[in-house]
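Below is one structure, written out as structure tokens; the observations come after it.
The values are calculated or read from the model by the stated rules, or taken from the named source; none is laboratory data. What you are looking at is a predicted structure, and each value in this text was computed from that prediction instead of being measured. Positions of Cβ are backbone-derived with ideal geometry, glycine not excepted, and every protein chain shown enters the neighbour counts.
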Amino acid sequence: MSKLPTLLLLLLCLSSFTSGEIKKLKIRSDNRPMILFERFGFTHTGQASISVSSVSVISSLATPDPSGLGFFLLSEESLIQVLIELQQNPNFCVLESNYIQRLFTFRDLSPPPNSSFDRAYPVTSPNEYSLFFANCAPESKVSMDVGTELYNLDGRVKDYLSAGLTQLPTLYFLFSLVYFGFLAIWVLVCLKNRISVHRIHGLMALLVVMKALNLLFAAEDKHYVKVTGTAHGWDVLFYIFQSMRVVLLFTVIVLIGTGWSFLKPFLQDREKKVLMIVIPLQVLANVASVVIGETGPFIKDWVTWNQVFLIVDIVCCCAIIFPIVWSIRSLRETSKTDGKAARNLAKLTLFRQFYIVVIGYLYFTRIVVFALRTISAYKYQWVAYSAEEIVSLAFYIVMFYMFRPVERNEYFVLDDEEEEAAALALQDEEFEL
């Protein structure tokens, strides 16, 4: 694969990837012309520490020039210029570009058999940089052990979170407290209206627990990365509860959309099939999320895992809409024969509102947040994360309010209304999807 397509594929997946942990990596017999290791936002006190050891280069041609293999930093502003250079001359070695910050080449390695190098570089120009390894030697494979530390100095203290993400521990912790408070309110509402509590309300409470714990462990994960450069095992808890939370969220949306435990105590076969599709796909998406988060673009299949995650997430988002649509159509058909126009009108209105809320939530968290992360300056990346959490909280509040266990909730107990007016309203095309 040539350098330009390689770089473009990586950049397509990089808009939301920023890493700063201390990493120890092993590269074995890799023939890629460019390897992206990390992306990091530096302040004026930024430092990049790179160490390599056990370096070997095997070529089927002549002995490669060691100055054609090396590490460099590439800023966002210089990216376009480097792409133009590669497009104009496919054989151009990016290490010769004037738009990069070259760190070192293999010419600087200690003599064999050690073949190692270890040095820290100050980043004097604040910006978001990507750390690359370039291999300009044709038909050659590189093996090496690589250690990276990218950080900013706050006085004498190292901050391993990228500038713009250093606020995340506090952000996640505050939102976890909000969800614990939300859980307490939900439990009180359920206790106050025991008669109207259904099984779905228990699942909704469990969902809030998973969300609160997920945010709490995310805060701990980011805090330890920020302070020490490693997660100290908190990332394991984060991924466990994130997986449980995402699977439970999609399950709750599907079950509410089918009317399970509200309108009926069972699921139809087609509704069961939706759950049988969504749950395994969400497990696969969570596996992809772990691989993406815990490895990085330096592994050969990283772009593929990003594509798997994107495709699976899109399929799941589409699948959870079907039960809501089926329920709306079923209520429309039922309203023509059961003579309960007012009751059906209220249910249809509620389902239609829920349909719009779900679509809005999925649109914002999948598209708008992605756009915010793409266009936001690297120092303000936390804004996109804040927006995502605010919208998620709003979605939870609206969904829980709409289907709260209140005795006179219009979902199951309705005031008597004029049947003729309701029947006319049911004939309105606004309920057609």
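Report those strands (runs of 3 or more DSSP E) wholly inside the stretch 124-224 carrying at least 3 residues which are crowded, with 17+ Cβ neighbours inside 10 Å.
Values: elements: 127-135, 140-154, 157-159.
Filter on the stretch 124-224 gives 127-135, 140-154.
Identify the single condition in (1) in a strand (DSSP E or B); (2) out of contact with any His (no Cβ under 9 Å at 6 or more places or on another chain); (3) surrounded by 21 or more Cβ atoms within 10 Å (Cβ to Cβ) that TYR121 does not satisfy, given that it satisfies every other one.
(3)
In the stretch 98-118, what residues are of a type in the set (A, V, I, L, M) and either assigned to a loop (DSSP other than H, G, I, E, B) or in contact (Cβ under 8 Å) with a residue 60 or more places away in the chain (or both)?
Correct list: ILE100, LEU109.
Only one residue in ASP145, ASP65 is on the phi < 0 side of the Ramachandran plot, touching a residue at least 60 places away in the same chain (Cβ under 8 Å) and out of contact with any strand residue (DSSP E or B) (no Cβ under 8 Å at 6 or more places or on another chain), so which one is that?
Only one candidate qualifies: ASP65.
Please go through the stretch 59-86 and pick out each residue that is loosely packed, with under 13 Cβ neighbours inside 10 Å and either small (Gly, Ala, Ser) or in a strand (DSSP E or B) (or both).
SER60, ALA62
Which residue pairs have Cβ atoms under 8 Å apart, sit 6 or more places apart or on different chains, and have a first residue in the stretch 364-381 that is more than 18 Å from GLY164 (Cβ to Cβ) and a second that is crowded, with 18+ Cβ neighbours inside 10 Å and among the small types (Gly, Ala, Ser)?
From the stretch 364-381, the pairs are THR365/SER392.
Going by the structure shown, is TYR401 modelled with pLDDT of 65 or more and touching a strand residue (DSSP E or B) at 6+ places or on another chain (Cβ under 8 Å)?
Numbers: modelled with pLDDT of 65 or more: yes; touching a strand residue (DSSP E or B) at 6+ places or on another chain (Cβ under 8 Å): no.
Answer is no for this residue.
Return yes or no: is PHE217 without any contact (Cβ under 8 Å) to a residue 60 or more places away in the chain, touching an Asp or Glu at 6+ places or on another chain (Cβ under 9 Å) and hydrophobic (A, V, I, L, M, F, W, C)? Even if it seems obvious, please write down each step before you answer.
Working: without any contact (Cβ under 8 Å) to a residue 60 or more places away in the chain: yes; touching an Asp or Glu at 6+ places or on another chain (Cβ under 9 Å): yes; hydrophobic (A, V, I, L, M, F, W, C): yes.
In short, yes.
Mind checking whether some residue in the stretch 258-269 is crowded, with 20+ Cβ neighbours inside 10 Å, assigned to a helix (DSSP H, G or I) and polar (S, T, N, Q)?
Yes.
Among the residues of the stretch 87-97, write down those that are under 26 Å from PRO126 (Cβ atoms), assigned to a helix (DSSP H, G or I) and of a type outside the set (D, E, K, R).
VAL94, LEU95
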